[in-house]
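Peer 1: Sending over a structure as structure tokens; questions will come in a sec.
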Amino acid sequence: MERYYQPEIETASREQIRAWQDERLVKQVKHVWDNVPYYRKKMEEKGLTPDDIKGVEDLKKLPFLTKADLREAYPYGLMGEPLKKCVRIQSTSGTTGKRVVAFYTQHDIDLWEDCCARAIVAAGGTDEDVCQVSYGYGLFTGGPGLNGGSHKVGCLTIPTSSGNTERQIMFIRDLSATIICCTPSYAAYLGESMKEMGLGPDDIPLKAGIFGAEAWSEEMRQEIQKTMGIKAYDIYGLTELSGPGVAFECSEQTGMHINEDHFIAEVIDPDTLEPVPDGTYGELVFTAITKEAFPLIRYRTRDIVKLSHEPCSCGRTHVKMSKPRGRSDDMLIIRGVNVFPSQIETVLLNKGYPANYQIIVDRVNNTDTLDVQVEMTPEMFTDNMGEIAARQKDLVDGLKSMLGLKAKVSLVAPKSIVRSEGKAVRVIDKRKI
Ligand code: DLL
């Protein structure tokens with residue numbers, strides 16, 4: 001039977017959810033107007049005052065915020081509360097430009113941990129469970145967020161953080177961990193290491209995994225579920241909005257319920273900025289309606305998703321978002337064709353390759369080149385050149401029919417692509433360097 005962490009909220013009627021959103025949005029806009037001069041100025045430029053916002057139907061009048069605004073306002077310019085009331089910062093792992101620094105009051109932390117607790121319970125977690133948190137701890141939100149959620153559920157929490165793979169497996173076995181939280185690429189690596197240690201699904205007590213922080217395909221889910229003998233659930237979030245737990249998967253595993261009592265989701269066409277209908281991919285935009293210290297309004301995430309308001313068999317009533325197919329800024333444009341790394345992953349895994357690959361894009365003689373380096377499994381590994389050539393051709397054909405584009409495929413030896421303990425680096429675009 002499906003269990004909930006906050007049943008009255010998670011299964012509330014659509015009317016009730018809308019009523020919460022209307023009321024909280026009005027309050028939040030007032031809070032931001034009074035306390036965030038940066039956003040107030042943006043509203044004034046549009047001739048808006050808080051009186052113009054009477055509910056969710058007026059959301060579309062409000063200006064967007066983007067990562068560029070976060071950089072411009074860095075570090076304190078978007079704060080909604082005095083520093084004295086804040087108890088924590090977290091920050092993105094951002095590799096380019098200024099990091100995002102997000103602030104939290106104790107109330108913000110509390111609500112964030114509730115969201116993570118909802119995700120753990122949706123994955124079957126109870127106070128009988130032992131939950132190993134193998135996301136990184138520190139500035140990254142993954143470890144702290146799920147750690148807090150795990151405490152709220154009452155799980156015995158093992159804060160291993162990421163890395164030290166043998167110790168991770170030792171703890172899973174010795175302390176009987178039943179739930180593991182980490183990035184999907186690290187889960188795949190743990191699965192691979194288990195196999196090498198001669199351990200099968202029956203040798204470990206895990207029953208569920210809560211994986212997110214990066215895009216991963218349905219095929220990768222199947223692979224992890226098989227190798228580890230668990231159910232693999234997706235979890236989504238971003239530092240700007242708190243961290244993990246903005247949305248999470250339930251037993252149906254067909255998309256992630258967005259915690260709509262805290263976040264209003266819109267999906268827009270990134271070019272026209274107009275809303276797109278349910279079932280159409282577009283850019284996800286969030287308004288945080290309960291956050292105090294870092295209250296972002298209409299924040300453009302760059303993540304490309306589609307929404308579904310179809311009733312869910314789990315009984316939750318909150319809207320579902322699809323797995324992000326990637327970020328609009330991850331999307332590669334190769335010889336004019338849009339390519340998402342997740343499409344390449346789907347082809348590789350469908351053909352029995354492991355999720356260890358790297359995509360190298362370059363420009364030679366003014367023409368874009370796409371080189372996909374894929375690891376062979378130890379079973380595939382051979383020095384028979386004919387066999388390798390046939391395998392390469394098969395992949396080139398598969399990629400051609402998925403992407404409509406000719407790629408070069410290089411098959412490389414097992415274990416030659418570097419493993420990631422956090423978010424995997426899948427793409428090297430030399431054109432920008
Ligand atoms: O990755 C928060 C998080 C931690 C989520 C642990 C889930 C689990 P950031 O480092 O700020 O925060 O990165 C946020 O990661 O905009 C997406 O592009 C991507 N992302 C997060 N979750 C998923 C997911 C954390 N389940 C950015 N699927 C987001 C695909 C995801 N992409």
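Quick note: the coordinates plus some simple rules give every number you see, no bench work behind them. This is a predicted model, so every value here is computed, not measured. Cβ atoms come from the backbone with ideal geometry, glycine included; neighbour counts cover every protein chain shown.
Peer 1: Report, to two decimal places, the Cα Rg of region 1-328 normalised by 2.2 N^0.38 Å (N = number of residues).
Peer 2: 0.99
Peer 1: Show me the ranking of peptides 331-340, 62-71 by mean Cβ neighbours inside 10 Å, starting with the highest.
Peer 2: Sorting 331-340, 62-71 by mean packing, highest first, produces 62-71, 331-340.
Peer 1: Let me ask another. Nearest-5 percent of antiparallel DSSP beta bridges in region 332-429?
Peer 2: That works out to approximately 60 percent antiparallel.
Peer 1: While we're on this one: What distance in nm separates the simple spin-label points at LYS30 and VAL412, each placed 7 Å from Cα in the Cβ direction?
Peer 2: 5.7 nm
Peer 1: Which whole-angstrom value gives the distance between the alpha carbon centres of region 273-287 and region 137-209?
Peer 2: Here the answer is 34 Å between Cα centres.
Peer 1: Also, quick follow-up: Below 8 Å, C-alpha to C-alpha, sequence gap of six or more: please give me the relative contact order for region 1-65 in percent.
Peer 2: Result for region 1-65 is 31 percent.
Peer 1: Too long at a 18 Å Cα-Cα cut-off: which of LYS84/LYS291; LYS207/LYS423; LYS231/LYS415; LYS351/LYS400; LYS46/LYS98; LYS323/LYS423?
Peer 2: LYS207/LYS423; LYS231/LYS415; LYS46/LYS98, as the Cα separations exceed 18 Å there.
Peer 1: Can you give me the angle between helix 106-122 and the longest principal axis of the chain, using Cα atoms only, in degrees from 0 to 90, rounded to the nearest 10?
Peer 2: Once rounded, the angle reads 50 degrees.
Peer 1: Still on this structure, I have one more. Which FRET efficiency value, to the nearest 0.05, is calculated for ARG173 and GLN222 with the Förster distance at 25 angstrom and r the Cβ-Cβ distance?
Peer 2: Calculated value: 0.55.
Peer 1: Next question. Counting DSSP beta bridges in the chain, what percent are antiparallel, to the nearest 5?
Peer 2: About 60 percent, rounded to the nearest 5.
Peer 1: OK, next. Hey, in the chain, which Cys have no second cysteine's beta-carbon closer than 4.7 Å?
Peer 2: CYS86, CYS115, CYS116, CYS181, CYS182, CYS312
Peer 1: Can you compute the label reach from GLU23? Point 7 Å from Cα along the Cβ direction, backbone N cut-off under 17 Å, restricted to region 286-303.
Peer 2: Residues 289-291 fall inside that zone.
Peer 1: Please compute the contact order of region 332-429 in relative form: average sequence separation of alpha-carbon pairs under 8 Å and at least six residues apart, divided by the residue count, as a percent.
Peer 2: Here the relative contact order equals 34 percent.
Peer 1: How do the peptides 152-165, 286-299, 196-209 rank, highest first, by the average count of neighbouring beta carbon atoms within 10 Å per residue?
Peer 2: 286-299, 152-165, 196-209
Peer 1: Expressed in nm to one decimal, what extension gain is obtained for the pair ASP58 and ASP202 from 0.36 nm per residue of sequence separation less their Cα-Cα distance?
Peer 2: Additional length available on full extension: 46.5 nm.
Peer 1: For region 292-312 and region 373-391, compute the distance between their C-alpha centroids and round to whole Å.
Peer 2: Between the Cα centres of region 292-312 and region 373-391 lies a distance of 42 Å.
Peer 1: How high is the relative contact order of the chain, in percent, with contacts defined as C-alpha pairs under 8 Å that are six or more residues apart?
Peer 2: 14 percent
Peer 1: Shifting gears a bit: Would you calculate the separation in nanometres between label points at GLU166 and ARG3, each defined as 7 Å from the Cα along the Cα-to-beta-carbon direction?
Peer 2: 3.6 nm
Peer 1: Ok, one more. So what is the 222 nm mean residue ellipticity for the chain from helices alone, if each DSSP H run of at least 4 adds -39500 (n - 2.57) and you divide by all residues, rounding to the nearest 500 deg cm²/dmol?
Peer 2: -9500 deg cm²/dmol
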